[in-house]
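A quick write-up on the structure given underneath.
The values are calculated or read from the model by the stated rules, or taken from the named source; none is laboratory data. Predicted model, so just to flag it, every value in this text is computed and none were measured. Glycine gets a Cβ as well: all are built from the backbone with ideal geometry, and neighbour counts include every protein chain shown. These accessible areas exclude ligands, DNA and RNA; they are computed on the full protein's heavy atoms, side chains included. Shrake-Rupley method; radii C 1.70, N 1.55, O 1.52, S 1.80 Å.
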Amino acid sequence: MNLTETLRLLILNDSRSEVERLVSMFRNAGVSARTQHATSLEMLSKLLEEQSWDLLVGHDATSNLPVSQAIKEISRLNRDIPVILVTETEGSQATVEGMRSGATDVVQLDDDQHLILVIKREMRNREHRQTHRLAERKRRDAEQQARDLLMNAKDAIAYVQEGMFLFVNDTWAELLSYDDLDELAVMPLIDLVVDDDQAKIKQALKKFNALNVEPEPETLTVRFIDASEQERALDIYLSQGTFDNENCLLVKSTQPRSLPAATKQSTSTTSAESAAKAEDHSHLKLRDTNTGLFNRTALFQRIEKALDDCAEHGTSQAFLLIEIAEFEHRVIATLGYRLADQAIKELASRVSEQLQDAYIGRFSDSALGLVISDCSATKALKLAEQLLSFINEQIIEVKTNTVHIRPHIGISLMTEVIENSDEVTKHARLAVDSLRSSDTKSEGGVHLFELPEQEISAEETMTHALENALNNELLHLVFQPIIGLRGSGDEQYEVMVRLQDESGQQVSTQEVFYSVGDLALLNKLDRWVVLTAAKKLSEQRNKGHNTRLWINLSEAAFYDENLPSWLKVALKAADLPADAVVFQMKESDVAKHITKAREFLTAVTENGTPVSITNFGCVLNPLNTLKHIPVEYVKLDGSYTKELQENPRSSGLTNLVKELNELKKITIVPFVENASALSKLWQAGVHYIQGYYLQEPNANMNYDFEGDG
């Protein structure tokens, strides 16, 4: 805010006369303030939800409404309201404790000049934060608009890094007669060039990939191979470029596409038809193909629009995630997958009738998402409770079969402090997870997401650490051997990633996957790991080792439709057979996205690459998950190993391995720390083991597998 504008100020103080003194002091200091004396938590909540406020000044000894409660309420409602504490306690301890509780500063009572300076500073800081948030949203909008312009440009434009496409637009597909842009996007550039011209491209790639060099742009005539295996000579312009903050090679061609004679008729008619088709295609991209509801992409776009409104006008909106409890047991088991989609559609229709102003779409296989405008926390909770009762009363009938649905409704508030749609949906998912873990009878429930201060700090720290590591090449791989218990001498290692956090401590990939909610960032990490591991594996195999690597992927993989094709191309580019790696996914991620997981893992196995499920045995009915996904390998959760090593009489691990062997799954037991459990594991029928007893993760693949055998 401008410091000459009226300051919207909340005051917490047991003394009415002290409140009046502060108001008079502000006026005498030339600070125009509209103040409100909050005397209870209920009053504060009402004020926060109904009006916008700039600052809160509270006495640390206030008893009718302790400042600590006020700070928690501000955090719960996602409001950017700095809190300044006033204290009568001498010394630094009061300052330390006050700021640790969430106050931005602590000022001594009657030190009015200091208080005025702190208020002016915090108002400037708040204005800077608001400006930054608006600028960040505008930057993302501009990047999306630029991407759309690139995609629809008349010129063929592509960005290439290390020989692989980062981006390719529709015009390239048209020039080379490809109907499917995704098919073109996952190819190495060199594979599109005729053999005689590949030397030109390789030389150009080498020049533009050189470090500390900014080569001059150049133009080449290169013969490409189109989708029909015909040669097509194109004049291409090469220059240094940047895409998604990545240095890369810009490849551009302004050469017009050769059209068959039959298409060179009515240009205006063709343009009109193309525009209509483009509009229809754009519309279909926002719809779920099985139900016709708005899809996840459409929901994310609507959330971004809501966040724009919140940032610009300081309003509050809400996102409700309606997750069907025990979806597989209640719906899939009764209706099957195809009719389950119809049940979701019918539920959405009934919810839409109840909340006609809500924007509703299908968030996942078993969940609906609702965006509700002009919605405070109190209103969102009330609407969610009403929806809970309404849905619990419904009987959904499909093809003479009926199902009773019990919903878990997670609420995520959207205010000016929320940065993006990923943050909104992550908060809603966490709210649902909280309900799922506490709902022992699966009767449904409602939960408003509230993020404790330390979690905000941990997530921001981890996200920043990952971004910093990716941008500054601070990631590195380590390898831990996987040893056969049944006579196998195969050389196999699990790939693990290490990065440094803010304090310089080494952080594992699993901690990153757990802490970072930005799917785009996790997707970038997945691709970096695959490319780096493939390069290391290629070097190892060139030394005469028949090594296989096990590579972990995050849940972001399920929502990257191009990833299976990209993985195939990445292995091919490293001159590796498809079965040289095994891709691993966590059981909890698979269970949470069962349909997406099945589609992704099926596509990977069809490429010829085996897949494994890890951290297995932690969900209800874990064996049921295996009925839906094509995994060959199962790695048990480390808790089973720990339990066996602490209590050799424990039968949890042996019983689970027995059931997995009956399903003809190859089992791996991790976290083997000592020799005492080996005989038990061998007797149980375990195929492979892994852990510090064998070797801790190492930067080199140097384990003596023959010696072990």
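Given the residues Leu22, Leu55, Leu47, which is the only one that is on the phi < 0 side of the Ramachandran plot, touching a helix residue (DSSP H, G or I) at 6+ places or on another chain (Cβ under 7 Å) and open to solvent by less than 60 Å² (accessible area, probe 1.4 Å)?
Leu55
Report, by residue number, each residue of the range 684-706 that is in contact with a helix residue (DSSP H, G or I) (Cβ under 7 Å, 6 or more places away or on another chain) and surrounded by fewer than 17 Cβ atoms within 10 Å (Cβ to Cβ).
Gly685
Take Gln130 and decide whether it is within 25 Å of Thr6 (Cβ to Cβ), under 31 Å from the mean Cα position of the chain (by Cα), among the polar types (S, T, N, Q) and part of a helix (DSSP H, G or I).
Answer is yes for this residue.
Return the residues of the range 608-657 that are open to solvent by 30 Å² or more (accessible area, probe 1.4 Å), within 16 Å of Gln690 (Cβ to Cβ) and of a type outside the set (Lys, Arg); say none if nothing qualifies.
If the condition is that a residue be open to solvent by 30 Å² or more (accessible area, probe 1.4 Å), within 16 Å of Gln690 (Cβ to Cβ) and of a type outside the set (Lys, Arg), then Asn615, Ser639, Tyr640, Gln645 are the ones that fit.
Which one of these does Leu77 not meet: (1) modelled with pLDDT of 90 or more; (2) open to solvent by less than 20 Å² (accessible area, probe 1.4 Å); (3) under 23 Å from Thr315 (Cα atoms)?
Failed condition: (1).
Kindly provide the set of residues from the range 583-607 that are open to solvent by less than 40 Å² (accessible area, probe 1.4 Å) and closer than 22 Å to Pro188 by Cα, ordered by number.
Phe583, Phe600, Ala603, Val604 - these are the residues of the range 583-607 that are open to solvent by less than 40 Å² (accessible area, probe 1.4 Å) and closer than 22 Å to Pro188 by Cα.
Please indicate, with yes or no, whether at least one residue in the range 1-14 is modelled with pLDDT of 90 or more, assigned to a loop (DSSP other than H, G, I, E, B) and under 22 Å from Ser376 (Cβ atoms).
Checking the range 1-14: not a single residue is modelled with pLDDT of 90 or more, assigned to a loop (DSSP other than H, G, I, E, B) and under 22 Å from Ser376 (Cβ atoms).
Determine whether Val619 is of a type in the set (A, V, I, L, M, F, W, C), at pLDDT below 85 and either in a loop (DSSP other than H, G, I, E, B) or under 32 Å from the mean Cα position of the chain (by Cα) (or both).
The answer is yes for Val619.
Which of the residues spanning the range 516-528 are part of a helix (DSSP H, G or I) and open to solvent by 10 Å² or more (accessible area, probe 1.4 Å)?
Leu519, Ala520, Leu521, Asn523, Lys524, Arg527, Trp528
Condition test on Thr402, is it open to solvent by 20 Å² or more (accessible area, probe 1.4 Å), assigned to a strand (DSSP E or B) and not acidic (Asp, Glu)?
yes
For the list (1) outside any helix (DSSP H, G or I); (2) modelled with pLDDT of 90 or more, I need the number of the one condition that Thr315 fails.
Exception for Thr315: condition (2).
Scan (1) of a type outside the set (Asp, Glu); (2) in contact with a strand residue (DSSP E or B) (Cβ under 8 Å, 6 or more places away or on another chain); (3) open to solvent by 60 Å² or more (accessible area, probe 1.4 Å) for the single condition Gln113 breaks and write down its number.
(2)
For the range 530-563, give me the residue count where each residue is open to solvent by 10 Å² or more (accessible area, probe 1.4 Å), in a helix (DSSP H, G or I) and at pLDDT 90 or above.
Total satisfying the criteria: 9.
Go through (1) basic (Lys, Arg); (2) touching a residue at least 60 places away in the same chain (Cβ under 8 Å); (3) open to solvent by 40 Å² or more (accessible area, probe 1.4 Å) and name the single condition Arg139 misses.
(2)
Report every pair of residues separated by at least 6 positions or lying on different chains whose Cβ atoms are under 7 Å apart, first residue within the range 610-636 and without any contact (Cβ under 8 Å) to a residue 60 or more places away in the chain and on the phi > 0 side of the Ramachandran plot, second open to solvent by 10 Å² or more (accessible area, probe 1.4 Å) and in a strand (DSSP E or B).
Hits for this filter: Asn615/Lys586.
Can you tell me how many residues in the range 284-341 are aromatic (Phe, Trp, Tyr) and either open to solvent by 50 Å² or more (accessible area, probe 1.4 Å) or farther than 28 Å from Val403 by Cα (or both)?
3
Using beta carbons and a limit of 7 Å, which pairs, at least six apart or on different chains, have the first residue in the range 229-240 and closer than 16 Å to Leu205 by Cβ and the second one in a loop (DSSP other than H, G, I, E, B) and open to solvent by 40 Å² or more (accessible area, probe 1.4 Å)?
Taking only residues 6 or more apart or on different chains, the pairs are Tyr237/Pro217; Leu238/Pro217; Ser239/Pro217; Gln240/Glu214.
Pick from the range 203-228 the residues that are open to solvent by less than 80 Å² (accessible area, probe 1.4 Å) and free of Cβ contacts under 8 Å to residues at least 12 places away in the same chain: which of them is farthest from Trp172 (Cα to Cα)?
Selected residue: Val213.
When the range 365-388 is examined, which residues are found to be over 25 Å from Leu77 (Cα atoms) and either in a helix (DSSP H, G or I) or open to solvent by less than 20 Å² (accessible area, probe 1.4 Å) (or both)?
Ser366
Restricting the range 651-709 to residues that are within 18 Å of Glu491 (Cα to Cα) and free of Cβ contacts under 8 Å to residues at least 24 places away in the same chain, which is nearest to the chain's Cα centre (by Cα)?
Tyr692
Kindly evaluate Thr609 against the criterion of being within 23 Å of Ser588 (Cβ to Cβ) and assigned to a loop (DSSP other than H, G, I, E, B).
yes
So, Leu85, is that one touching a residue at least 40 places away in the same chain (Cβ under 8 Å) and open to solvent by less than 50 Å² (accessible area, probe 1.4 Å) or not?
no
When you look at Glu646, is it at pLDDT below 80 and more than 15 Å from Asn615 (Cβ to Cβ), yes or no?
yes
For the range 166-183, give me each residue that is open to solvent by less than 20 Å² (accessible area, probe 1.4 Å) and aromatic (Phe, Trp, Tyr).
Within the range 166-183, Phe167, Trp172 qualify.
When you scan the range 190-202, do you find a residue that is at pLDDT below 85, touching a Leu at 6+ places or on another chain (Cβ under 6 Å) and either part of a helix (DSSP H, G or I) or loosely packed, with under 12 Cβ neighbours inside 10 Å (or both), even just one?
No, that holds for no residue.
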